[in-house]
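Asker: Could you have a look at this structure, given as C-alpha cells, before my questions?
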Amino acid sequence: MVNLRELSKNPVRITSGHRLCAGCGAGIVARQALIAAGNTPVVVINATGCLEVSTTVFPYSAWKSPYFHSAFENAAATCSGVEAAYRSLKARGKVKKDIKFITFGGDGGTYDIGLQSLSGAMERGHKMLYVCYNNEAYMNTGIQRSGATPRGAHTTTAPAGKKRQGKLQNKKDLTQIMIAHNISYVAQSYVGDWNDFMTKVQKALVVDGPSFINILTPCRLGWGYNPEYTMEISRLAVETCMWPSYEVENGVYKINVEPKVKKPVTEFLKLQVRFKHLFEPDNACILEEIQKNVDEKWIFLQHRAKSVCKV
C-alpha cells in the first residue's frame, strides 16, 4: 500500500489542460503511474492512440518527462531499443543516473497490432513497465472492436442490429498471455482505486526485468455513459468480477479485491449504451452466457490464487 503523504511530494509529469475527453480514464492512468514512479527520472514511450493524440498536439506537449511517440504496433519495441541503449551507455560510464522506462498503449495497440512487439520485449527481458490503458475498443479511430472488446458490446465494426447483437466473441485474456511469458510481475487494475493501481506500479518498477499492468480504463464516448460515472463503472467491473483486480508476483497469484457480495454482470452492463440492446427480451440468453463466462473465469482465478505454489 502506498503512502499518500509521500506520494504528494512526488513530481507530476503530465500537465492538466490536455485534450482528453472529460471523464476519460487514460489521463488518470498516466498521471498516477508517473506520480507512483517517484523522483527517479522516467522515459515515457507512448503508442499512437487517445493518450498520444490528446497530449501532443503540435507544437504543444502535456508531458514533463522525456517522451517518445511510436506507431500503434511498435511501442514495446521502441522502448526495448531505448532501454538497451541506456544499459549500454551506463555500462560504459556515460550515464550515471538510474532511469525507469514506462510504455503506455491502448488495447488496440497492445492486444492486437502491438502484441508481437510486446511479446518480444517481454521475452527478451528488457527492464521496462508496459501499461495497457484498456478501454476495450479502438476508440481513437472510431470505436472499432478489438481483441479486448467484451462479448455483446456494440462497436462500429461489430454493431448491434437485425443480424447480430454486437461482438460475437469473448475478449482475449491478455493478462494470462503475459503471465505465460514467465515475467516477474503481471497485474490487472482499474481506475476506480488509485491505491491499487499505484501500489502495483511501484511493485512493477522495482522488478529486475519486464513487467506488465493491464488497467481497465472506461471510455465515456465509446462505452456511452455520462463523464461523472467513470469511477463508479470501473468499480462495478470489479464488483461483478467482469474485471478482477489481481497480481502475479514470481508465479504467485493474489486477488487484490474480492467482492464481499459478487454482483450480477447486469449491474455493470446496464449503465452503458454499448450494451443497451442486450436488455431486450430476445437477448436474455446472451446475458446468461456472459454471466456464465465471468463466473467460470472467476472460479479459475480463485483456484489459482489458492493452489499455486511459490516459485
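Derivation of every value follows stated rules applied to the coordinates shown; laboratory data play no part. In this text the structure is predicted, and so the values were computed from the model without any measurement. Neighbour counts are summed over all protein chains in view; Cβ atoms, including those assigned to glycine, are modelled from backbone coordinates with ideal geometry.
Asker: Which of the residues that make up segment 117-143 are polar (S, T, N, Q) and within 23 Å of Tyr86 (Cα to Cα)?
Answerer: Within segment 117-143, the subset polar (S, T, N, Q) is 117, 119, 134-135, 140-141.
Within segment 117-143, Ser117, Ser119 qualify.
Asker: Applying the selection to segment 130-162, what residues are under 22 Å from Thr103 (Cβ atoms), in a loop (DSSP other than H, G, I, E, B), touching a Phe, Trp or Tyr at 6+ places or on another chain (Cβ under 8 Å) and touching a residue at least 40 places away in the same chain (Cβ under 8 Å)?
Answerer: Scanning segment 130-162 gives Asn135, Glu136, Gly147, Ala148.
Asker: Please go through (1) buried (at least 19 other Cβ atoms within 10 Å of the Cβ); (2) more than 25 Å from Pro244 (Cβ to Cβ); (3) in contact with a Ser or Thr (Cβ under 9 Å, 6 or more places away or on another chain) for Gln144 and return the number of the only condition it doesn't satisfy.
Answerer: (1)
Asker: So, one more: So which residues in segment 218-234 are surrounded by fewer than 17 Cβ atoms within 10 Å (Cβ to Cβ) and within 11 Å of Val191 (Cα to Cα)?
Answerer: Glu232
Asker: Here is a follow-up. Can you tell which of Lys163, Lys203 is surrounded by fewer than 16 Cβ atoms within 10 Å (Cβ to Cβ) and more than 19 Å from Val273 (Cβ to Cβ)?
Answerer: Values: Lys203 fails: surrounded by fewer than 16 Cβ atoms within 10 Å (Cβ to Cβ).
Residue meeting the stated conditions: Lys163.
Asker: Continuing with the same structure: Among the residues of segment 15-27, are any farther than 13 Å from Tyr67 by Cβ, β-branched (Val, Ile, Thr) and not in a strand (DSSP E or B)?
Answerer: No: zero hits.
Asker: How about segment 257-297: which of its residues are touching a helix residue (DSSP H, G or I) at 6+ places or on another chain (Cβ under 6 Å) and either of a type in the set (Val, Ile, Thr) or not in a loop (DSSP other than H, G, I, E, B) (or both)?
Answerer: Val257, Val265, Glu267, Phe268, Leu269, Val273, Arg274, Phe275, Leu278, Ile286, Leu287
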